[in-house]
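Before any comments, here is the structure.
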Amino acid sequence: MKPDIINVDGCPLFLDQELSHFKAFLANRSYSSYIILGDENTIHYCYPLIRDLCPSDTHVLKFPAGESQKNITTCSNIWQQLLELKVDRKSLVILLGGGVVGDMGGFIASTYKRGLDFVHMPTTLMSMTDSSIGGKLGIDYDHVKNAVGLFRNSKAVFIHLPFLQTLSDEEMRSGYSEIVKHALIANSVLFKLLQAQTSSSRPLINTELLYQSILVKKTLVERDPFESSVRKALNFGHTIGHAIESYKLKHEQPITHGEAVAFGMIAETYLSYKTGLILKDHHEQIQHFLKSICDTSRIRDIDLDEVFNYLQHDKKNESGKILFSLLNGIGSFSINKDIPNGLIRESMGYLTNQ
C-alpha cells in the first residue's frame, strides 16, 4: 500500500481521497480570511465538492478559463479584488484548478502584499503530476510561456482523485503526456507499465501510476529546487512544445499544454537519436508510443520559421544558445544540450511530417 503523504522539498503532498487531510489542515491553522481562486470551470464543477469543508465566510474569486487568461491583466483584476475585500497578509489562498490556476494563482498570492500563504488543490491530471509540485509559478507575457515568474512553495498540495471525473478526455490525455515524460526521463519501469495499458481515448489512471510519476518529480525537485542542474530534465519535450503552444495560442488555435509537450517529445526524441544519445530501436519504440497518444495532423500546417522564432525566446536559453534536455536511453536524461539550428529545424520537419 502506497503512503498517502509525500514530502516534496519541505512541502507535504497529500493523496487525499476523502479530503481528510484538507479538513485537518484547515482545523489546525488560523487565518484571518480564506480565498478560493479558480477559473469558471473549476468553480462550477469542483468547488461544490469542497464547499462544505471551507469556512462559511470564504471568498470565491474566479476568472475565465484558458491559457489565454494567464497574463498580467488577469493578475491585476484579481489583485484589485483582493484589495477591495481588504485581504491582509494573514490570509490563505486555496488554488482550485489546473496548471493555469496553479501557476498564475501562486504568482498572484506570492506577490500580493509580498506574499500570502497558499495551497494547491489540483483538479487536472496535469497539475496533479507536475505543475502543482516544485514551486514554479508564473504567467505568460507577449505570447511567451511563463516569461515572468518566481519560485515559491505552497504550504501543501491536496490531490483529490475524484476531481478527475470532471475532466474531458482531452484534458486527461494532456496530463497523461506529463506522466509519459516522467517515465521517459527517469523511470523505465513506469514506461513499461504505460506501454502495457490497453489503448484508450481516455487514459486509465490508477494510484500506482500517479504515485510513480510524482516520485520522479519529487526526486528531481529535491536534488535541484531552483532548476540549475538536474531538474532541467523535466523540460524534455517542453522547448519545442512550448514554442508550438505559443504559436497556436497566438493564432487562436489553442491546444492543451500536454498535447504540445507530446509534440515536443516526438521532435526531441528525434534529436536524442540524431545526436547519438539513444539507439535506433529505442527511438522507434518511443516514437511509436508517442504517436499513439497525440494527433500530429493538427500541426502539419504550422509555420516552422515562426515556431523557431519562439524557440529563440525560450526562457531556458543561455548566451543565445537554444538548450535542450534530451533522453539518454529510456529512463535516463542529458541536460544542457546545445543543438545546431539546422538539426533543430530538421527535428521540427520530422514532427510535422508524421
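The values are calculated or read from the model by the stated rules, or taken from the named source; none is laboratory data. These numbers come from a predicted model, not from an experiment. Using ideal geometry, Cβ is built from the backbone for each residue, glycine included, and neighbour counts are taken over all protein chains shown. Quick note on the areas: whole protein, heavy atoms, side chains included, nothing else; ligands and nucleic acids left out. Shrake-Rupley method; radii C 1.70, N 1.55, O 1.52, S 1.80 Å.
Quick rundown of the values:
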| item | result |
| --- | --- |
| Principal semi-axes in Å for the chain [√(5λ), Cα gyration tensor, largest first] | 34, 22, 18 |
| Accessible area of Ser200 in the full protein assembly, 1.4 Å probe (Å², nearest 10) | 60 Å² |
| Accessible-area composition of the chain, carbon plus sulfur, in percent [1.4 Å probe] | 47 percent |
| DSSP-assigned coil residues among GluC sites (Glu not before Pro) in region 252-294, each with at most 14 further Cβ atoms within 10 Å | Glu252 |
| Normalised contact order of region 223-321, rounded percent, pairs of Cα under 8 Å and 6 or more residues apart | 28 percent |
| Calculated FRET efficiency for the pair Leu279/Ser228, C-beta based, R₀ 25 Å, to 0.05 | 0.25 |
| Cα principal axis extents for region 240-354, largest first, Å | 37, 36, 21 |
| Rounded to 5, percent antiparallel among DSSP beta bridges of region 74-210 | 40 percent |
| In sequence order, calculated HN-Hα J values of region 115-124 (Karplus, 6.51, -1.76, 1.60; Hz; x Gly/Pro) | x, 9, 5, 8, 10, 9, 10, x, 10, 10 |
| Hz values of 3J(HN,Hα) by residue in region 59-64 - Karplus curve (6.51, -1.76, 1.60), Gly and Pro given as x | 8, 10, 10, 9, 9, x |
| Rounded to the nearest 10 Å², the accessible area of Glu306 at probe 1.4 Å | 40 Å² |
| Centre separation in Å (Cα based) which lies between region 247-275 and region 292-309 | 7 Å |
| Dipole of the chain [Lys/Arg +1, Asp/Glu -1 at C-beta], most positive-end residue of Asn309, Phe289, His59 | His59 |
| Value of relative contact order over region 284-354, rounded to a whole percent, pairs C-alpha under 8 Å and six or more apart | 31 percent |
| Relative contact order [Cα under 8 Å, 6+ residues apart], the chain, whole percent | 15 percent |
| Accessible surface, the chain, averaged per residue in Å² (probe 1.4 Å) | 42 Å² |
| Additional length obtainable on full extension of the chain from Glu306 to Ser32, 0.36 nm per residue less Cα span | 93.8 nm |
| Ranked order, Lys23, Lys232, Lys337 - accessible area, probe 1.4 Å, largest first | Lys23, Lys337, Lys232 |
| Rg over Rh [alpha-carbon atoms, Kirkwood Rh] for region 24-107 | 0.95 |
| Long-range HN-HN contacts of Tyr141 with modeled amide H, under 5 Å | Asn146, Ala147, Val148 |
| Sequence-distant residues sharing a close amide H with Asp16 (under 5 Å, placed H) | Ile159, His160, Leu161 |
